[in-house]
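Scroll down for the structure; my scribbles are underneath it.
The values are calculated or read from the model by the stated rules, or taken from the named source; none is laboratory data. Computed from a prediction, not measured in an experiment: that's the story for all the values here. For neighbour counting, all protein chains shown are included, and Cβ atoms are generated from backbone atoms with ideal geometry for every residue, glycine included. Side chains are part of the model used for accessible areas, which takes the heavy atoms of the whole protein and leaves out ligands, DNA and RNA. Shrake-Rupley method; radii C 1.70, N 1.55, O 1.52, S 1.80 Å.
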Amino acid sequence: MRRFFALIAFAAATASAQQTFTLQQVLSAPYSTNLTAAPVGSLFAWVEDAEGVHNIWIGGPNQPARQLTHYTEDDAQDIASLTWSPDGKTIAYVYGAETGASGRPANPAHLQRPTPVEIIFQPVEGGDAIHLGEGRAPLFSSDGNSFFFLRSGQIFTADLAALKTCAANKTCHPERSLVATSRDAAEGPAAVSAPPQFPAPFNHILLYDRGTASSLTLSPDGKLLAYISHRRTHTFLALYNLETKTLTFPAPSTGNDSAPSFSRDGKQLAWLRFPFTDPPEFAGNRTSPNPWSIQILNIPTNETRTLFQPEANKPGSAEPRMSTGEPRLLWALNPTTHALVESTPQQPSAASTKLEQVSFGRKQKPSVSDAPPREFKQWLLFFSEADGYVHLYGLDPSDPNPKPVPYNEGPYEVEDATVSPDGHMIYYASNQNTSDGPGNYPADPLDQDRRHIYAEYVEPYFGGVGPVRITTGAGIETHPVLSADGQWMAELVSSPLSPMHVHFVERQLVIAPSGGLKPGVARSMPAHSLAPSAYPEKTLITPTQVIFPSSDKLFQLHGQLFLPKSAAPTNGKRPAILFFHGGPKRQMLLGYPAMDYYSNAYAMNQYLASRGYIVLSVNYRGGIGYGLDFRQCQHCGADGAAEYNDALAAVAYLRSRPDVDIAHIGIWGGSYGGYFTALALARNSDLFAAGVDFHGVHEWAREDNAAADWLRGPLAEQEKIAALAHASSPMADIAKWKSPVLLIHGDDDPEVAYTQTPMLADALRARGVHVEELIFPDELHGFLLHKDWLAAYEAAANFFDRTLRPAPTPSK
């Protein structure tokens, strides 16, 4: 017992001596999400998350950022789906907690009132907010007088003109319904007031559909509403005529429809269609015998056709797996006549000897008297993995047999694509780490684990060049958003030392005499700075990129290594910790990621390093950023757990380092990273001394929707698949598990069944394994409360201090 207390005292003293900041401090910096542009001018809006308190901010390059809402509590009530009114005077947003496994809005703060997910209208120039009531997916009509939204899966509409008039005149009031809540068995239920909700005629159901709706999309003239109708087993594209009040289903099929998108002139509607028998999650299929397709409706003639479908069983035939959201379509404008004609070294064209100034999406014609006029046609952009990486391609919808034009080439991927307001340029984020061409930025191998913003003309091969990098350096830039006037871009920017925040960028691109694109003069400025003075930016670590082979030699694995700044122990060796992200379709970067879950995880790795641990964050197979073969790995997950080879490679890398204490290597992660943690402890407690498992999968055959995900076909085949799924699970090797573990889970988790954790805990305790647990009642998969992240990370750090610090030699 004396030795046990000596160990605790030693660990606490060691951590205190090495630590330069607290977990509260490193998690105190706010981060930005939901960046969006106003429909007029150069104003932007976004959401700031400051220690669990969410608020809307607005600002622009010529207008100081200011806080639009004034919430003050860490109460798990999120802000999402920011939507501007057409005149830019109002922002509609969704307020409330996500839906949990219970099927009801989450309430991990245990608020003693109903917590519906509701829609709120906030005037930009001040004034009282209007609570429309329960709803999601806000969408303004083209004239701004009407409003569409989803409630209980059905499409509703609201008369905003009438609503604003009566609210301003105080002649109408939202109804408050009484909701029964259980207070005490002796006293009976108590009736409490629900959030206000305006009755009909201010909002009412718009149409009747047997399915539930998503992806609401208005035509440019505001007369047609497209959406996806979800049936129990399949989906249809639906089209509702707002003038005739008629509902149709263009080209219903046995496939599953998604991502409706109107052309810029409103004459065409395109959407994606995927096969009903899409390969299951862990099949490892990189091609498909039933390819996805792009469908298109000619609205004036009501004719539909398959615009494009890749060849069966060829690269690109399987659905592209996106790192940010689902696949979608983008409409742009492509010139039918080139302003800059082809030139030869012997006789350069007159047009190519001029400079063309190009701001964000606003292209000026070269001042050449004989340059032909530029007429533009509708042009459709889509994502594909035809060359093994997620790249952008373009199509001419007017062509009876269009051939896709690639916009990217090389071993990198693109995401967050957007088209300039005038339709002439494309912007996106990419981890391109190859040279951009003459006169542009040189190659940087580190950029494969970063993101930068690129711009490219919609016109293929315009000037004979491809994309131009807009941002560069050691930072990370994502989610480009163009201002309506085309003069500015807003982006989310982070660094190795600070989380995502909003930057405004003004830049011109120059078409040089050679015909190539070059960056011109730029101004870049942060929207504002909210980091508190206690945030330890100057004491954080810039992680190092490390690359090592997987243990089966199939892949080169990328990791981010956090080396402590504090003095090493007298023997020169430190305890080490491996981190594995979730998903698995994620990628940790050489700086703060854009996703809140991993922004917190990155800060936690910084905190562990500050306590003297060497931390290695591993981008294992199954993740994104390194191509189709890497992401759609063979025999991964429930189909064989082949990615465990990457855990073995990572621990082998740490054990090869002379500064690592190989007897004290830990592992932690959440979700799929929790699965990795449990699998490592179950299979190799000889290599992993301790682990912290956040809401991990421990038995594939018991996971929610397991039958729908991979148990298909005849009974004998299902039994074979189920047996492999069990063999791929931590529970299959429970008898070999010796190392202590901390299990953390919220019991309203809609992503990983809560039962996965108590099932494992009971099995381990029955075998005498040391188990600690931290359970959050009513918390979701990605914790909604900042205080729960703090509690979980503090528990994890303290657990590692107790299990990974070498014990002092007892005095005699």
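Quick notes on this structure:
- Normalised by the number of residues in segment 212-304, the mean separation of alpha-carbon contacts (under 8 Å, six or more apart) gives a relative contact order of 20 percent.
- Which of K736, K164 is most accessible, then next, and so on - probe 1.4 Å: K736, K164
- Positive-end residue of P549, M604, A568, charge dipole of segment 545-657 with Cβ unit charges: A568
- Length added when fully stretched, T20-I547, from 0.36 nm per residue minus Cα-Cα: 186.8 nm
- Across K377/K585; K267/K403; K553/K585, pairs whose alpha-carbon gap is larger than 25 Å: K377/K585
- Highest to lowest packing among 624-637, 272-285, scored as the average C-beta count within 10 Å: 624-637, 272-285
- Contour excess over end-to-end distance, with Cα ends at T244 and T539 and 0.36 nm allotted per residue: 99.8 nm
- The share of accessible area on segment 251-330 that comes from carbon and sulfur is 47 percent, using a 1.4 angstrom probe.
- Using alpha carbons only, the radius of gyration of segment 256-302 set against its Kirkwood radius gives Rg/Rh = 1.14.
- Using the Cβ-Cβ distance between T301 and T254 with R0 = 35 Å, the FRET efficiency computed as 1/(1 + (r/R0)^6) comes to roughly 0.90.
- Rounded accessible area of S524 (nearest 10 Å², 1.4 Å probe): 80
- Extension gain from A474 to T755, taking 0.36 nm per residue of separation minus the Cα-Cα distance: 96.9 nm
- Solvent-accessible area of E243 with every protein chain in place, 1.4 Å probe, in Å² to the nearest 10: 120
- Shown here is the pair-distance distribution of segment 18-154: with all Cα-Cα distances grouped in 5 Å bins from zero up to the longest one, the shares run 2, 9, 17, 21, 19, 14, 9, 5, 2, 1, 0, 0, 0 percent.
- Per-residue surface analysis assigns D75 an accessible area of about 20 Å², computed on protein heavy atoms at 1.4 Å probe radius.
- Each pair of Cα atoms in segment 651-808 enters the Kirkwood radius, and Stokes-Einstein at 20 °C and 1.002 mPa s then converts it into a translational diffusion coefficient of 131 µm²/s.
- Solvent-accessible area of segment 630-789 (1.4 angstrom probe, protein heavy atoms only): carbon and sulfur portion equals 54 percent.
- Segment 563-605, accessible surface, carbon-and-sulfur percent (1.4 angstrom probe): 55
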